[in-house]
Each structure stands twice: as C-alpha cells, then as structure tokens.
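A.B. asks: Quick one: the structure is below, questions incoming.
The values are calculated or read from the model by the stated rules, or taken from the named source; none is laboratory data. Everything numeric in this text was worked out from a predicted model, so none of it was measured. When we count neighbours, we look across all protein chains shown, and the Cβ atoms used for this are built from the backbone with ideal geometry, even at glycine. We work out accessible area using only protein heavy atoms, side chains counted, and drop any ligands, DNA or RNA first. Shrake-Rupley method; radii C 1.70, N 1.55, O 1.52, S 1.80 Å.
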Amino acid sequence: MNEELNEGIFDAALKKAFCDYTDNLLDSFPDCETLSEKYPLSKKEERFFERIMKEKKYGKPLALVYLSRAAVIFLCFVTLAAAVMLSSPTVRAAVKNVFMQWFEKYTLFTFVQTEPGKDDFQNVEDVKIGYIPEGYELGFEDKLPKAFTYIYYSRDNDPNKDIMIEIIENGVVDTGLDNEYSKLTKTKINGHDAWINYSENNCAGTVILVGTKITVQINAILPKEELVKIAENIR
C-alpha cells in the first residue's frame, strides 16, 4: 500500500516538475516581435505564411475565398443596377412582364406589372367579355375588387362544359399549365402577348392574354378556334 502511494506521489511530483520546466522554457522564449526583428522574413516568405494562416482560418484555398467574394460583389452590383434601371418608367416598359419556368410536367407563369399602354387592360373591373359561344349562360362571378375576377359560363348544367375566365391583376397569383399532354404556343392577340395551351386529344385548353397590369386566362373544353375567338373579343 505504501509502495503504491509513494509511486503515485512520485508521478505527481514528476508531472509538476515537467510542467514547471515547460513553463519556464516558454517564458524564456522571445516574443514574436523580438523574433521578427532578430530573424526577419523576406516579403515572399511573409506572403507565404500569411496565405497559409488565412487558408487555415477559412478552411479552404484562398482562391475560392476571393472568388466567392467577387461573386457576391458582382451580384450586389447587378441587383443595384437593376433596381436603379427599373426606377425608370421607360425601362420598366421594356422589361418583359411574364416569366416562365419549365418543369417536367407543367410550365409556371409569373406575371409582373410594367407600364401600361393606352390600349392595354387598365383595371380588373374594366375588362369586358365580348363573345361567348351560343348555348352558354352566365353562371356566377366571384370578385375581389382590384385583384381578380372569376367568371363561369355553363351549358346544360354540365360541369365538363363550363367556361372559366379569370381576370387577374399581375403579381397576385402564378399560373401553372400542363405541358405533358398539351402543346404550348406563343402568339399575338389584339396586340397582347398570348399563350395557347391546347390538347387536341381532349379538345380542351387554355388561352392566356398577358397585359402589363392585367392578365386574362380562358379555360374550357372547346375547339381551339372558339377559345381564340373568346380571347379576340375581350376588351
């Protein structure tokens, strides 16, 4: 028992002596400034050690760090430039007011407002439907003033024969159209950019009239010519 205790005390004393020796040795070393003055490094060596220290700090090569910073600065510059440019009505009028994203089975339309022309749709309430095929009757309208209006026309009380017309203020909602079983084409109708998404197999489709402030969307199971005729008579 005494032998084990003596060995423990000896080990503890030895560790303490080693720690004291190490502390004294470190205290005797000159500081960084003294070492730099006594053993100056060349500019090349200073840059080398500085780069190594920075790479240790960031955990990746400095080239990637500087590239990331350059990309951030570039994006900030582009965003600022776009914000300044879009403050001009003339520039905003030239910016495309519909953005499209293509996915595997559908296309997403995002509509934004730009400067309206004199013959463009000005307000949701002012858009007029000038033509509906014979045999259809007005079902109901669902309105949210200054934002959107849904108008339903029905025939023979058959939901499969409904015509739905959506008049929407740009920026309120996005529109997704099937692109798996339908063909999407772009055209012009009464001076407006228009997209016709039509399935010949189902004899059904959608026509979108894009204005600078208002977008009109027509959905129905009808021949394509009838869908286009409804769009042509919207004022």
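A.B. asks: Residues 99, 111: which one is modelled with pLDDT under 90, crowded, with 17+ Cβ neighbours inside 10 Å and within 25 Å of the chain's Cα centre (by Cα)?
C.D. replies: Being modelled with pLDDT under 90, crowded, with 17+ Cβ neighbours inside 10 Å and within 25 Å of the chain's Cα centre (by Cα) holds for just one of 99, 111, which is 111.
A.B. asks: Spot the failing condition for residue 215; the list is (1) out of contact with any Leu (no Cβ under 9 Å at 6 or more places or on another chain); (2) surrounded by 19 or more Cβ atoms within 10 Å (Cβ to Cβ); (3) within 17 Å of residue 121 (Cα to Cα), and only one is missed.
C.D. replies: (1)
A.B. asks: Further question on the same structure: Among the residues of segment 187-204, is any part of a strand (DSSP E or B) and of a type in the set (Phe, Trp, Tyr)?
C.D. replies: Yes: segment 187-204 contains one or more residues that are part of a strand (DSSP E or B) and of a type in the set (Phe, Trp, Tyr).
A.B. asks: Does residue 153 count as of a type outside the set (Asp, Glu), buried (at least 16 other Cβ atoms within 10 Å of the Cβ) and without any contact (Cβ under 8 Å) to a residue 24 or more places away in the chain?
C.D. replies: yes
A.B. asks: Follow-up question, since we're still on this one. Quick one: is residue 191 out of contact with any Gly (no Cβ under 7 Å at 6 or more places or on another chain), among the small types (Gly, Ala, Ser) and open to solvent by less than 50 Å² (accessible area, probe 1.4 Å)?
C.D. replies: no
A.B. asks: Of everything in segment 142-156, what is part of a loop (DSSP other than H, G, I, E, B) and either within 18 Å of residue 124 (Cα to Cα) or modelled with pLDDT of 90 or more (or both)? Give them in sequence order.
C.D. replies: Within segment 142-156, 145, 146, 147 meet the criteria.
A.B. asks: Further question: Quick check on residue 139: is it open to solvent by less than 60 Å² (accessible area, probe 1.4 Å), in a loop (DSSP other than H, G, I, E, B) and free of Cβ contacts under 8 Å to residues at least 40 places away in the same chain?
C.D. replies: no
A.B. asks: Then there is this: If we scan segment 157-180, do we find a residue that is touching a strand residue (DSSP E or B) at 6+ places or on another chain (Cβ under 8 Å), assigned to a strand (DSSP E or B), without any contact (Cβ under 8 Å) to a residue 40 or more places away in the chain and open to solvent by 10 Å² or more (accessible area, probe 1.4 Å)?
C.D. replies: No, segment 157-180 has no match at all.
A.B. asks: Moving on. Against the condition within 21 Å of residue 148 (Cβ to Cβ), aliphatic (A, V, I, L, M), over 24 Å from the mean Cα position of the chain (by Cα) and not in a loop (DSSP other than H, G, I, E, B), how does residue 207 come out, does it pass?
C.D. replies: yes
A.B. asks: Determine if segment 73-84 includes at least one residue that is open to solvent by less than 90 Å² (accessible area, probe 1.4 Å) and modelled with pLDDT of 70 or more.
C.D. replies: Within segment 73-84, none of the residues are open to solvent by less than 90 Å² (accessible area, probe 1.4 Å) and modelled with pLDDT of 70 or more.
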